[in-house]
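The values are calculated or read from the model by the stated rules, or taken from the named source; none is laboratory data. Since we're looking at a predicted model, the values are computed, not measured. Backbone-built Cβ (ideal geometry, glycine too); neighbour counts: all protein chains shown.
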Amino acid sequence: MTDTGDRSPAGRLSAFLATDPRDVGCAGAMEVLHVYVDYVAAGADTARFAGVVAHLRACGPCSDEFDGLLAAVSQDPWPDGPGSAP
Ligand SMILES: [Zn+2]
C-alpha cells in the first residue's frame with residue numbers, strides 16, 4: 001500500500017484539487033485500459049497514455065483494475081502446457 005494516510009476532509013480536498021488536468025477519468029481509462037496494459041506488458045512506449053497514467057495515479061479502483069489486468073496478461077495462461085487444463 002502506498003496510501004498517504006491523509007483521510008481528513010482537508011487532505012481529501014487537496015488530493016482532489018491536485019488532480020492532473022490530463023486525467024481522462026474512470027470511463028476514459030477503462031475504455032483503453034486493456035490496450036494500455038498490453039503496452040506496459042510489452043515494455044512499449046506508453047507516452048501516448050499520459051492521461052491514463054495520470055488517472056491511475058489518482059484513482060485507487062482503476063489502479064487496482066490495472067494491476068489485476070497486468071497480472072493476468074503477464075502470466076503464462078498454461079504454465080504446464082495447454083493439455084494441463086482440467
Ligand atoms: Zn478511476
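Would you check which residues across the range 9-30 are charged (D, E, K, R) and loosely packed, with under 13 Cβ neighbours inside 10 Å and list them?
In the first step, residues of the range 9-30 are kept if they are charged (D, E, K, R); the result is 12, 20, 22-23.
Those that are charged (D, E, K, R) and loosely packed, with under 13 Cβ neighbours inside 10 Å: Arg12, Arg22.
If only one of Gly43, Gly51 is modelled with pLDDT of 90 or more and at positive phi, which one is it? Give the steps one after another, and end with the answer.
On the way: Gly51 fails: at positive phi.
On inspection, the qualifying residue turns out to be Gly43.
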Completion exercise
Listed by first then second residue, the pairs whose first member lies in the range 24-40 and is more than 13 Å from Ala50 (Cβ to Cβ) and away from the ligand (no atom under 15 Å from the Cβ), whose partner is of a type in the set (A, V, I, L, M) and part of a helix (DSSP H, G or I), with beta carbons under 8 Å and at least 6 positions apart or on separate chains, are Asp38/Val73; Val40/Leu70
Practice task
Please find, within the range 41-52, the residue that is farthest from the ligand (Cβ to nearest atom) out of those that are within 23 Å of Ala18 (Cβ to Cβ) and touching a helix residue (DSSP H, G or I) at 6+ places or on another chain (Cβ under 8 Å).
Solution key: Thr46
Completion exercise
Of the listed residues (Ala72, Ala58), the one being at pLDDT below 95 and within 11 Å of the ligand (Cβ to nearest atom) is Ala58
Problem - Condition broken by Asp6, with the remaining ones in (1) over 20 Å from the mean Cα position of the chain (by Cα); (2) at pLDDT below 75 satisfied - result: (2)
